[in-house]
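Let me begin by presenting the structure, written as structure tokens, before commenting on it.
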Amino acid sequence: MQGNRQDAWTSDEDILLAETVLRYIREGKTQLEAFKEVGEKLSRTSAACGFRWNATLRKQYEEAIQIAKQNRKKISYQSHQKLDASHSDQPNIHEVIQTLERLQKYYQAIDHQEELRKLVEENKQLKQMLYQYQVLIESIQQAMEKLEH
């Protein structure tokens, strides 16, 4: 069994890192900027944050990354539309409906990210329980073998 490092990442730190990176992706900023922000908050180097993201977390958040990229494109598209719409005084009903639909999808994506975070945490807890049960079964088997001899 491995011992825990003093500087081991906690699940709260992982979540902060993931949420910050995803927010930066949505906002069209770089991941390096996200690593720097998280590093300052957690008193870690931006390189440590980048390594943790790329080595461990990125795989768990692939779907959320894709959603964040799509949201970034939508936001960029909406900004472009706003420039075009500034030429007319009032939006038509079709534009209003489209904007509301995009907003609805955006909030659904945020809900999915929260659900994904909860599932990742639950999965981690279940893996820990499974490991504990495996250790317990092994010790019971060893005790039974001693009783048989």
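The values are calculated or read from the model by the stated rules, or taken from the named source; none is laboratory data. These numbers come from a predicted model, not from an experiment. All Cβ positions, even for glycine, are placed from backbone atoms using ideal geometry, and neighbour counts span all protein chains on display.
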Test each condition in (1) of a type in the set (Val, Ile, Thr); (2) surrounded by 12 or more Cβ atoms within 10 Å (Cβ to Cβ); (3) modelled with pLDDT under 90 for VAL38 and report the one that comes out false.
-> (3)
Across segment 99-118, the tally of residues that are modelled with pLDDT of 85 or more and surrounded by 14 or more Cβ atoms within 10 Å (Cβ to Cβ) stands at 2
If we ask which residues in segment 45-56 are over 23 Å from LYS73 (Cβ atoms) and surrounded by 19 or more Cβ atoms within 10 Å (Cβ to Cβ), their number turns out to be 3
Residue by residue through segment 1-35, note down the ones that are part of a loop (DSSP other than H, G, I, E, B), in contact with a helix residue (DSSP H, G or I) (Cβ under 9 Å, 6 or more places away or on another chain) and either at pLDDT 90 or above or more than 14 Å from LYS69 (Cα to Cα) (or both).
-> MET1, ASP7, TRP9, LYS29, THR30
Hey, among the residues in segment 1-35 that are free of Cβ contacts under 8 Å to residues at least 24 places away in the same chain and of a type in the set (Gly, Ala, Ser), which one's surrounded by the fewest Cβ atoms within 10 Å (Cβ to Cβ)?
-> GLY3
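Looking at GLN142, is it at pLDDT 90 or above and either over 18 Å from GLU19 (Cα atoms) or among the aliphatic types (A, V, I, L, M) (or both)?
Values: at pLDDT 90 or above: yes; either over 18 Å from GLU19 (Cα atoms) or among the aliphatic types (A, V, I, L, M) (or both): yes.
Yes: the conditions hold for GLN142.
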Hits in segment 45-60 - residues which are over 17 Å from LYS118 (Cα atoms) and without any contact (Cβ under 8 Å) to a residue 24 or more places away in the chain | THR45, SER46, ALA47, ALA48, GLY50, PHE51, ASN54, ALA55
